[in-house]
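To keep things clear, I will list the structure first and then write my remarks on it.
The values are calculated or read from the model by the stated rules, or taken from the named source; none is laboratory data. Since this is a predicted model, take the numbers as computed values, not measurements. Positions of Cβ are backbone-derived with ideal geometry, glycine not excepted, and every protein chain shown enters the neighbour counts. Accessible surface is based on the protein model in full, side chains and every heavy atom, while ligands, DNA and RNA are left aside. Shrake-Rupley method; radii C 1.70, N 1.55, O 1.52, S 1.80 Å.
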Number of protein chains: 2
Amino acid sequence: MYSVDKYPSKILQEAVEAIGSLPGVGSRSALRLALHLLGQPADHIHHFTEAINRLSDEIHYCKTCQMVSDTDQCPICADHTRDARTICVVESVRDVMSIEATGMYRGVYHVLGGIISPIDGIGPSDIHIRELVERIEGMDADTEIILALSGDVEGETTSLYIYRQIEGKGVKVTTLARGLGFGDDLEYADTLTLGRSLTSRQPFKP
Amino acid sequence: MYSVDKYPSKILQEAVEAIGSLPGVGSRSALRLALHLLGQPADHIHHFTEAINRLSDEIHYCKTCQMVSDTDQCPICADHTRDARTICVVESVRDVMSIEATGMYRGVYHVLGGIISPIDGIGPSDIHIRELVERIEGMDADTEIILALSGDVEGETTSLYIYRQIEGKGVKVTTLARGLGFGDDLEYADTLTLGRSLTSRQPFKP
């Protein structure tokens, strides 16, 4: 006797399970997405899966800054109009995209590819800190390393770890300004941010 | 001069666009999912894409009920302990799964693969109504067609259209009972549901 073990088709079930393995995609969403794909023409599905396969088969990482790239050198490192002596250290390519979107940065990047997080089992050797240390070897005080990591415990820990690795190498190390965001209300700012904003107060520029 | 056209890699960009073409997946989620996949081992990615490719390359539709299946006949139609003279007409395989989950239905199904929706350009010939009409050809008054479509305008329209196609063929046509859900409060029921619940009132069974 047939008993519906949830799915009438093993092929459908395996597709749902594959989609449901993505972070933040529940089993109902996965079924909805699988049925959507099922209703698409074959060439659309193949286009979809080829685009994803290329992520593993054709992607490169920039040999200088470790950013995801189509070639051995990413377009930012290859751009000689950018200041190669200002290196912004970020967690991921997402952060690069956020900073590039500001249009206010003309230096280059170093993408760690993660953040030190003992709770997730990610230690210093799991991210590209060694490559950063090697990269600044021989650079001088004209070089600035901007630690642009997130303001949470993992970000602060990673910043401190990197600082310990590169202090004494003769390069300048800075970090992002923390403070009130533009348009923020004092009343609703958390005490840590407001406190840091006070102690890091800056000359008023009219 | 390099200008970040959002993505440092065309391969990444195309993967994000492919994932973002899924319904309900925004561009931020698509980037998050693409970067997640990027961090996975190659064989994991290939397993993922193969499962999806099989949706177009290996899936079958049951020749009797049009349900997605791994073979030419779905496991429900192939199950001879089920009552082939009770045919439940549903929109999609999702509805089959919902009804099967109740464990209270022993008949078979007919999957329309959609619902009549002029606004989405879906007419009667785009869904499996013709197959249903052919299927009940020669069946008699022992056959019951249960129209189990959703209670919205499209569902009601489709039910009515199907009814017009099969009335006079000698088969019994029923539809799902509409009324208050179990545990529903009268106070919070919408007037249409409460009204229908009243006019379709049933003998009290203690």
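Observations, loosely collected:
- Taking the accessible area of the stretch A:10-57, probe 1.4 Å, and keeping the other protein chains in place, the carbon and sulfur fraction comes to 48%.
- The 1.4 Å probe gives accessible areas that order A:Tyr161, A:Tyr7, A:Tyr61, largest first, as A:Tyr61, A:Tyr161, A:Tyr7.
- To the nearest 10, the accessible area of B:His44 is 70 Å² with a 1.4 Å probe.
- The loop-placed trypsin sites (Lys or Arg not before Pro) in the stretch B:127-203, going by DSSP, that have at most 16 neighbouring Cβ atoms within 10 Å of their Cβ come out as B:Lys169, B:Arg178, B:Arg201.
- When the helices of chain A are scored as -39500 (n - 2.57) per DSSP H run of n ≥ 4 and the total is divided over every residue, the value at 222 nm lands at -12000 deg cm²/dmol.
- The listed residues B:Ser21, A:Ser9 rank as B:Ser21, A:Ser9 when sorted by accessible area, largest first, using a 1.4 Å probe.
- For the stretch A:61-203: accessible area per residue (Å², 1.4 Å): 58
- Diffusion constant of the stretch A:10-57 at 10 °C, which comes from Stokes-Einstein with the Kirkwood Cα-pair radius and 1.306 mPa s, µm²/s: 141
- Across the identical copies, how the A:His44 labels are spaced - nm, sorted shortest first, 7 Å along Cα→Cβ: 2.9
- Shown here for the stretch B:49-103: GluC sites (Glu not before Pro) in loop regions (DSSP other than H, G, I, E, B) with at most 15 other Cβ atoms within 10 Å, namely B:Glu58.
- Cα centroid separation, the stretch A:133-200 to the stretch B:115-177 (Å): 65
- Shielding value for A:43-50 is 6, the average number of Cβ atoms from other chains within 10 Å of each residue's Cβ.
- Between B:Glu134 and A:Lys205, the simple spin-label model (points 7 angstrom out along Cα→Cβ) gives 7.5 nm.
- Peptide A:12-21 - average C-beta neighbours from other chains (10 Å radius): 5
- Charge tally in the Cβ shell below 14 Å around A:Gly107, where Lys, Arg are +1 and Asp, Glu are -1, A:Gly107 excluded: -1
- For the cross-link pairs A:Lys10/B:Lys169; A:Lys6/B:Lys205; A:Lys172/B:Lys10; A:Lys63/A:Lys169; A:Lys6/B:Lys63; B:Lys63/B:Lys169, the ones whose C-alpha atoms lie over 28 Å apart are A:Lys10/B:Lys169; A:Lys6/B:Lys205; A:Lys172/B:Lys10.
- As a ratio to 2.2 N^0.38 Å, the alpha-carbon radius of gyration for chain A is 1.36.
- Buried accessible area, chains B and A (both chains, 1.4 Å probe, Å² to nearest 100): 5300
- Residues of the stretch A:79-115 that lose at least 30 Å² of accessible area (1.4 Å probe, protein heavy atoms only) when the other protein chains are present, relative to their chain alone, are A:Asp79, A:Val93, A:Arg94, A:Met97, A:Glu100.
- Measuring r between the beta carbons of A:Thr175 and A:Thr81 and using R0 = 30 Å, the FRET efficiency lands at 0.75.
- For the protein assembly as shown, alpha-carbon Rg over 2.2 N^0.38 Å: 1.37
- Accessible surface ranking that places the most exposed of B:Phe182, A:Phe204 first, with a 1.4 angstrom probe: B:Phe182, A:Phe204
- For the stretch A:57-126, the equivalent ellipsoid derived from the alpha-carbon gyration tensor has semi-axes of 22, 15, 11 Å in decreasing order.
- Average beta carbon contacts from partner chains per residue of B:22-33, 10 Å cutoff: 3
- Cα pair distances of the stretch A:139-188 binned at 5 Å [whole percent]: 5, 18, 22, 19, 15, 11, 6, 5, 1
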